[in-house]
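The values are calculated or read from the model by the stated rules, or taken from the named source; none is laboratory data. In this text the structure is predicted, and so the values were computed from the model without any measurement. Cβ sites come from the backbone with ideal geometry, for glycine too, and all protein chains shown count toward neighbours. Heavy atoms of the whole protein, side chains included, go into the accessibility calculation; ligands, DNA and RNA do not. Shrake-Rupley method; radii C 1.70, N 1.55, O 1.52, S 1.80 Å.
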Amino acid sequence: MIPRSLTALALGGLASACSTLTGSAPAPLGAATGAALSACADLPARFAFANTRLESAATVTDLRQAGHAVPAHCLVKGRMFERKGSDGRDYAIGFEMRLPQAWNGRFYYQGNGGLDGNVQPALGALGGGPLTGALMQGFAVISSDAGHTGAQTPYFGSEPQARLDYGWQAVAKLTPMAKDLIRVAYGKRPDRSYIGGCSNGGRHAMVAAARIGEEYDGFLAGAPGYRLPAAAVAQLQGARLWSELATPGATARHPLVPTASIPDLGTAFTAQERQTVARAMLAQCDALDGAADGLVQATQACQARFDIERDVPTCTGARDGSCLTPAQKRAVAAVHTGLRTAGGQFIYQSFPYDPGIAAANWATWKFANSVALDPLSVGTVFSTPPSPVDFARDDLDARLLRFQATNESFRESGWSLMVPPGENVPVNMKPLHARGAKMILYHGVSDAIFSAEDTRQWVERTDRVLGGRGAQFARYFPVPGMNHCSGGPAADQFDLLTPLVKWVEQGQAPQAVVASVRGAGNAGGVNNELPAGWSPARTRPLCAYPTVATYRGSGSLEDAANFSCR
Ligand SMILES: [Ca+2]
């Protein structure tokens, strides 16, 4: 196969006169131009937009991010669609906007994670352990709770409109309001608009691309849980597998309710045992990228090479951490191959093998969140009608049908409101590609809740839909070793928004983006799980799939400059 990057380079070299025949990339959209903020404290009095109330506006000059001062800006707080829900509770789409005094002419919608419910500060933070963010870079940024409060989580899922707002409507309602507020504050609407986030925030970006793509020029989808309901059911099935192997009666602390306990599924596959599996992977795969450096960057090649049955020692006596029992091997293999229901239905996706399996976040998702969080969202937010889930006994075949169901109250199914339309045939990407919009995706290869393979396959499907020109529109940057959005033995500190802007506005397609680990003293927060032998400032190129960060053969293994994307 010819790497798509080379194809794009070749096509980009042809004369633009042949564009419709050769399929060369659409012209860049051109740079945004900035403006000065003309109003702040008086915005609530001056701004009128349907179903919107601004509660406050004040200048902020003392905010810091990762040890650096965030430029002075106006913090606006407000609410849209305040209403009494069908459950008698008060609902609204709460939001904040941060409007820099020195604006770069761009709008950034910050998608938040999990089940939403909190107005996270509108910093537009970028990457794991962020050093920078959209606000720092001069964007006007909005953040919202997506239509419910933390206290209403996850029970908002039983209120039909709140469920819709969480799924996709909050983004659709907030976007035109935010652009109009920008017009009032700066005297013009944004020249360019971007939306990004990780996890559920990445899902928001992908859903926005499919549903309201015309509103945005650039999409930054991190670990996009774009089939979140299916991922959550796979978690339930996984918890059953682990519980068969767990120490009977062992309990762990509930991650949300300090006074409650959950079965300690981590005893099924302990930290030592996960280290043993990671070592076996490294023995097979570490050098495939030319460097025995503790990072498996040749992810696809490793999937063909690593064989858990063959490469991990089988226990001949009691478990002691250095081996797996045959039953453990079957469970770990099944989770990576992709789980099925009792009825034989393939639930979600395979997961690539990656040494990040040994990190804590992997275990938290597989062993704790699968019991404590996923049953709540499955039962309350995605099922019609809503009904509680017993992770050990729920009929998962019936549950998957309930994701597709509608009734008089819930007129859009849980699946439909969560998942980007056309997720299997991403037809809505065609007009975006034609207009010159761009998408950058990234995903931790050892993400335990949303599969990096699911993202890779979406990129492949999009490429087919665009007739092999997918690399002109969407580029995917796997992050080797990284868990869910950050953490793990990985270079997880990076800014993919800057290259997205250059791609959208100047036509510079990103091929390699430098990422750093977060060792001792890192201003974005230290990653305590970095292997002892790594430099605290190790860098690596993140490479656009299908290229792989490959060692050039000489120079320090700690420096990205000694690796190229091949
Ligand atoms: Ca390596």
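For this structure, a couple of remarks:
- Once the C-beta distance of Asp87 and Ser261 is scaled by a Förster radius of 30 Å, the resulting FRET efficiency is 0.55 to the nearest 0.05.
- With contributions of -39500 (n - 2.57) from each DSSP H run of at least four residues, the per-residue ellipticity at 222 nm computed over the chain stands at -8000 deg cm²/dmol.
- Charge tally for Ala31 (other residues, Cβ to Cβ under 13 Å; Lys, Arg +1; Asp, Glu -1): 0.
- Residues in segment 88-127 that a label on Tyr155 would reach, taking backbone N under 15 Å of a point 7 Å out along Cα→Cβ: 88-91
- Listed residues Ile440, Ile212 arranged by accessible area, highest first, probe 1.4 Å: Ile212, Ile440
- Amide H to amide H, with H built 1.01 Å from N, Val479 comes under 5 Å of His443, Gly444, Val445, counting only residues 5 or more places away or on other chains.
- Computed on the chain, with alpha-carbon pairs under 8 angstrom and 6+ residues apart, the relative contact order is 15 percent.
- Using heavy atoms of the protein chains and a probe of 1.4 Å, the accessible area assigned to Ile308 is about 10 Å².
- 5 angstrom amide H check on Ala549, placed H, neighbours 5+ away: Cys543, Arg566
- Accessible surface of Trp415, taken over heavy atoms with a 1.4 Å probe and every protein chain present, rounds to 40 Å².
- Rolling a 1.4 angstrom probe over segment 440-509 with all protein chains present gives an accessible area of which 45% lies on carbon and sulfur atoms.
- On segment 364-436, 56 percent of the accessible area sits on carbon and sulfur atoms, based on a 1.4 Å probe.
- Exceeding the 21 Å Cα-Cα cut-off - candidates Lys84/Lys179; Lys366/Lys438; Lys77/Lys502; Lys84/Lys173; Lys77/Lys173: Lys84/Lys179; Lys366/Lys438; Lys77/Lys502
- For the chain: rounded, prolate or oblate by the Cα gyration tensor [a/c cutoff 1.5]: oblate
- Computed 3J(HN,Hα) for segment 203-212, one whole-Hz value per residue from the Karplus formula 6.51 cos²θ - 1.76 cosθ + 1.60 where θ = phi - 60°, is 4, 3, 5, 6, 5, 4, 4, 7, 9, 10, glycine and proline marked x.
- Rounded if a/c under 1.5, otherwise prolate or oblate - segment 320-438, Cα gyration tensor axes: oblate
- Within the assembled protein chains, the solvent-accessible surface assigned to Ser158 is about 60 Å², based on a 1.4 Å probe.
- Computed extension length for Arg435-Glu214: 78.7 nm, one decimal, from 0.36 nm per residue of separation with the Cα-Cα distance subtracted.
- Solvent exposure of the chain amounts to 37 Å² per residue of accessible area, where only protein heavy atoms count and the probe is 1.4 Å.
- Of all accessible heavy-atom area on segment 193-322, the percent that carbon and sulfur account for (1.4 Å): 51
- In this structure, the amide hydrogen of Ala125, modeled 1.01 Å from its nitrogen in the peptide plane, lies closer than 5 angstrom to those of Ala134, counting only residues at least 5 positions away or on a different chain.
- Accessible surface ranking that places the most exposed of Thr267, Thr406 first, with a 1.4 angstrom probe: Thr406, Thr267
- The 1.4 Å probe gives accessible areas that order Asp87, Asp293, Asp320, largest first, as Asp320, Asp87, Asp293.
- Spin-label model, Ala334/Ser409: points 7 Å from Cα along the beta carbon direction are separated by 3.5 nm.
- Counted charge near Pro352, where neighbours are those whose Cβ lies closer than 11 Å (Asp, Glu -1; Lys, Arg +1): -3
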